[in-house]
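A quick write-up on the structure given underneath.
Computed from the coordinates by the stated procedures, all read-outs in this text should not be read as laboratory data. Computed from a predicted model, the values in this text were never measured in an experiment. A quick note on method: Cβ atoms are made from the backbone with ideal geometry, for glycine too, and the neighbour counts reach across all protein chains shown.
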Amino acid sequence: MVRLKAGDTAPGFSLTDQNGNTVSLSGFRGGKALVYFYPKANTSGCAKQACSIRDAEEDLHGIDIEVLGLSPDPPEKLKKFDEKHGLGFTLLSDAEHATAELYGVWGEKKMYGKTYMGIVRSSFLIDEAGKVIDAWYKVRPLDTVPKAMKALESYGPAGAS
């Protein structure tokens, strides 16, 4: 399985958002992006993660970071998730999990004695040039924002890491 690390080029993608628009990672060049993958909208862990990001949105925007949340859910379900929790940031449907595979977050999971394939909750901070500043696999829901903010503390200007 692919494991992205600091300095790697973030794989590009174009996916449908919760409003039916096509959003591409390349559209965020020139600014930083927090790209996070979550298993399923409207589950408790995913709601905690999304709401913690929502609650930090002012801080994130203050340092020019756009948030992109990706899951295998269809756009209609993402729209309901956004509206229910007042998220206000871009949620993208990776229904075929092709982007998740490029980022190395589609993997084997176990629950209640069953083994299945799914999203491994992970986050990636991407710089202005499309390079990974830092990557966190198997991140806990409430650790997404703190880990991104800590990575930015040691991140130098002009794309240096």
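Odds and ends about this structure:
- For a modelled paramagnetic label at Glu101, 7 Å from Cα along Cα-to-Cβ, the residues of segment 107-136 in reach, with backbone nitrogen under 12 Å, are 107.
- Residues in segment 43-53 carry Karplus couplings, in order, of 9, 4, x, 5, 5, 4, 5, 4, 5, 5, 6 Hz; the curve used is 6.51 cos²θ - 1.76 cosθ + 1.60 with θ = phi - 60°, and Gly or Pro positions show x.
- Coupling constants for segment 85-101 follow from the phi torsions by the Karplus curve (6.51 cos²θ - 1.76 cosθ + 1.60, θ = phi - 60°), and in residue order they are 10, x, 5, x, 10, 6, 10, 10, 8, 10, 4, 8, 6, 5, 5, 4, 5 Hz; glycine and proline get x.
- With 31 Å as the limit on Cα-Cα distance, the pairs of Lys84/Lys131; Lys32/Lys110; Lys32/Lys138 that go past it are Lys84/Lys131; Lys32/Lys110.
- Computed over the chain with a Gaussian network model linking Cα atoms closer than 10 Å, the most mobile of Leu125, Leu15, Leu70 is Leu15.
- If you run the Gaussian network model on the chain, springs between alpha carbon atoms under 10 Å, then out of Ser24, Ser93, Ser44 the most flexible one is Ser44.
- Here the simple spin-label model places points 7 Å from the Cα toward Cβ, and for Glu128 and Ser52 these points are separated by 2.9 nm.
- Helix 144-153 and the longest principal axis of the Cα set of the chain meet at an angle near 10°.
- Separation between Cα centres of segment 92-128 and segment 1-73, rounded to whole Å: 13
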